[in-house]
Amino acid sequence: MSMLDLSCAPGARALRLLTLSSALVLAACGGGGSDTVPVTQQPDPVVVAPPEQKRVTITADNQLEVAAQAGASMSGIGPVAIFFGQILIPQPPVMNLQGSATPRVAGPVGSPAAALAESLRKFVPPKAPSNLLSAAAPSESETYNVECSSGTGTVTWTYTETENSYIRKASANLQNCQTQLQESTALIDGKLDFTMAETYDPQTDTGTQTADILAVKYTVKVEGFEVGMDGDLHMAFDDGSYISSGARFSLTGLAAVMGEEEEAPAQAQTVTMIDFHQEIKHVETGYEITSRAVIETNQFGELAIYEVATTQTLKYDFESGNVLSGQYKIVGAGNTTLTITADGEGTFKLERDEKGDGSVEATVTGLSDEDLGLNLFFIF
C-alpha cells in the first residue's frame, strides 16, 4: 500500500512535521515518549440511539459461537481503524509495533479490501505536508468532478496549515458513479467526508495524527463482490498508542476487508459497532488493550445486539506471543453473560451466567485465542 512521502518537505515547518512522523515510526519499534497533543477538529458524529432489536440470549448451545463472533468483532475495531488510517494519513501511523512500519494490508484490486482502499485514495485530497503552503496562502480549496463513465461524482477538498499543524478535508458525493480503480471497473455510490489532521508540539517534540470518516451509505461494487460502510469512525494515533471510536459505524464485507474469504457476495456479513471505543497502548513488554462496543449483527439468523467490553485490561506479551492477563465480558438478553479471563498460560477460561443473576452455571477452560475469535494483533 503506497503512502504519501514527507521526506522531500521543504522549510522549517516541514521538518517539524517530518520529525513527528519519524517519531511515530520510531515509536513503532519501541522508542518515543507518551505525551500527546489532542486534535479537536473532526466531523460531527452520527448520533444514533442503540437499537431496540432483540438481544442475543446466551445459552449452552450458542456460547462458543457468540464468544467467537464477539471476539472477532472486538478484534476488528482497531485493525479497521489502522486500515483506514494508513490510507488517509500521509505517513504510517503506529502500526507493526514490533518491527517494520510497512503496511500489511495489500493485494490486487480483485479483493474487497483493495477495492475499498483504492476508492478512498481516489478522493483523498492531493495536498500533503510535502507541498506545504507559503505563509501568504495558508489555505487552499478545490472542487472537481470524478471521472465517471456513467453516473456522477464530485469532490470538494480543502487544505489548511498553521505553524505546527495541518488539516486536510474532503467531501465526496457519488451517485452510481462507474469508474476505474486501477484495472477494475467499479460502481461507487454514497457520500463520504474525510478529515485528516496532524499537530506537532515543538516544546515536547510530540504530536498526534487523526483521521475521521463520516460515511452515508457508501458502497463499492466490483465484479464478484460488494463492500460498504455507513456511519462515523474517529482514529487518533500518537507515538505510543492508537484510539478508535465512534457513535455508530457499519461495515459490510468486514471479514473480506480484514483478509478473510467470504463464501459468496450474497453472504457478506454486515457488522455494526455502536458507542465503541478501543485503545491499544504500546508498552515496554507488549500491548495493553481496552475496548467496549455494542455489536449489532445478523449472524445468528436475525438482527440482534449484545455488548462486549474489557473489565480488566488485556495485556499481550511480546516474549510469549500471548495475552497473559485481562478479562472481558459479553452481555446479552436478560443479562445473560459470558466472562472470559486470560489464565496466564496463553489460553482462556469462559464462565457462563445464563440466569443473569451473577452466578456461574458452566465453565470451559483451555480455550485458545482462535477458539474465541481473538486476533487482536494480527495486523502488527
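The values are calculated or read from the model by the stated rules, or taken from the named source; none is laboratory data. Bear in mind that the values here come from a model prediction, so they are computed numbers and not experimental data. FYI the Cβ positions are ideal-geometry reconstructions off the backbone, even for glycines, and counts take in every protein chain you see. What goes into the accessible areas is simple: the full protein's heavy atoms, side chains included, and nothing from ligands, DNA or RNA. Shrake-Rupley method; radii C 1.70, N 1.55, O 1.52, S 1.80 Å.
Of all residues assigned to segment 213-233, at least one qualifies as being β-branched (V, I, T), modelled with pLDDT of 90 or more and open to solvent by 30 Å² or more (accessible area, probe 1.4 Å).
If you check A186 against the conditions, is it of a type in the set (G, A, S) and modelled with pLDDT under 90? Here the answer is no, as A186 does not meet what is asked.
Residue-wise test of (1) under 14 Å from M74 (Cα atoms); (2) modelled with pLDDT under 95; (3) in contact with a Pro (Cβ under 6 Å, 6 or more places away or on another chain).
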| position | (1), (2), (3) |
| --- | --- |
| Q327 | yes, no, no |
| A333 | no, yes, no |
| T341 | no, no, no |
| G344 | no, yes, no |
| R352 | no, no, no |
| K355 | no, yes, no |
| D369 | yes, yes, no |
| L372 | yes, yes, no |
| L376 | yes, yes, no |
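For (1) in contact with a Gly (Cβ under 8 Å, 6 or more places away or on another chain); (2) in contact (Cβ under 8 Å) with a residue 60 or more places away in the chain; (3) open to solvent by 50 Å² or more (accessible area, probe 1.4 Å); (4) of a type in the set (A, V, I, L, M), each residue gets a yes or a no:
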| residue | (1), (2), (3), (4) |
| --- | --- |
| L181 | no, yes, no, yes |
| G190 | yes, no, no, no |
| Q203 | no, no, yes, no |
| G207 | no, yes, no, no |
| D239 | yes, yes, no, no |
| S245 | no, no, no, no |
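Okay, residues lined up against (1) closer than 17 Å to G356 by Cβ; (2) modelled with pLDDT under 75; (3) open to solvent by 50 Å² or more (accessible area, probe 1.4 Å):
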site	(1), (2), (3)
V47	no, yes, yes
R55	yes, no, yes
A60	yes, no, yes
L64	no, no, yes
A68	no, no, no
S73	no, no, no
I77	no, no, no
V80	no, no, no
G85	no, yes, no
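In this structure, is G240 within 30 Å of T285 (Cα to Cα), in contact with a helix residue (DSSP H, G or I) (Cβ under 8 Å, 6 or more places away or on another chain) and modelled with pLDDT under 85? So G240 fits the description; yes.
Is it fair to say T365 is open to solvent by 30 Å² or more (accessible area, probe 1.4 Å), at negative phi and part of a strand (DSSP E or B)?
Yes.
When segment 311-328 is filtered for residues that are crowded, with 18+ Cβ neighbours inside 10 Å and under 17 Å from A67 (Cβ atoms), the ones remaining, listed by number, are L314, V323, G326, Y328. Residues in segment 329-347 that are closer than 25 Å to I274 by Cβ, part of a strand (DSSP E or B) and not hydroxyl-bearing (S, T, Y) were compared, and the one that is most open to solvent (accessible area, probe 1.4 Å) is K329.
If I filter segment 271-290 down to residues being open to solvent by less than 10 Å² (accessible area, probe 1.4 Å) and not aromatic (F, W, Y), which single residue comes out as nearest to I77 (Cα to Cα)? Residue satisfying both the conditions and the ranking: Q278. The sole residue among F249, F300 that is at pLDDT below 95, among the aromatic types (F, W, Y) and closer than 20 Å to L116 by Cβ is F249.
For segment 167-174, the criterion of being small (G, A, S) and either in contact (Cβ under 8 Å) with a residue 60 or more places away in the chain or farther than 21 Å from D230 by Cα (or both) is satisfied by no residue at all. Part of a strand (DSSP E or B), in contact (Cβ under 8 Å) with a residue 40 or more places away in the chain and within 27 Å of the chain's Cα centre (by Cα) - does that describe any residue in segment 137-160? The answer is no; no qualifying residue exists.
Scanning segment 164-184 for residues that are of a type outside the set (S, T, N, Q) and in contact with a strand residue (DSSP E or B) (Cβ under 9 Å, 6 or more places away or on another chain) yields Y166, I167, R168, K169, A170, A172, L174, C177, L181.
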